[in-house]
Amino acid sequence: MSDAVPQPETSQGAVEPEYDPAAPAPLGVPRTPTGNAEVDAQLERLADADHLATDGHIEVYEDVHRGLRDALTALDARPGPPAPPSPYQSRS
């Protein structure tokens, strides 16, 4: 004889998972596209935290922060218009 409690079955015969209030669950926070592919990719990466326990969130957040920081740094590194010629350049 078994002391195991039978699991309730769904209409399809599959066993329903037991509700665990401490289990990871999506927050449902909308992420609005910015139009910048690099930034949008980082924002979508935040969805990875929805399926992790709280102690796993820090790795995702640090990765996203690093990616956003790199995207901002790249904006500063883009070449602008050429500088006007200096009046002190030597003419050969």
For the peptides 50-57, 20-27, what is the packing order when you average, over each peptide's residues, the other Cβ atoms within 10 Å and list the highest mean first? 50-57, 20-27
Taking θ as phi - 60°, what are the ³J(HN,Hα) couplings along the stretch 30-47 by the Karplus curve (6.51, -1.76, 1.60), each to the nearest whole Hz, with x for Gly and Pro? x, 10, 7, x, 9, x, 9, 4, 5, 5, 4, 5, 5, 5, 5, 4, 4, 4
Under a 1.4 Å probe, what is the accessible area of the stretch 14-82 per residue, stated in Å²? 80 Å²
Would you work out what percent of the accessible area of the stretch 39-92, with all protein chains in place, is carbon or sulfur (probe 1.4 Å)? 57 percent
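The values are calculated or read from the model by the stated rules, or taken from the named source; none is laboratory data. All values derive from a computational prediction rather than experimental measurement. Reconstructed Cβ throughout: ideal geometry from the backbone, glycine too, with neighbour counts over all protein chains shown. The accessibility values were calculated without ligands, DNA or RNA, using every heavy atom of the protein model including side chains. Shrake-Rupley method; radii C 1.70, N 1.55, O 1.52, S 1.80 Å.
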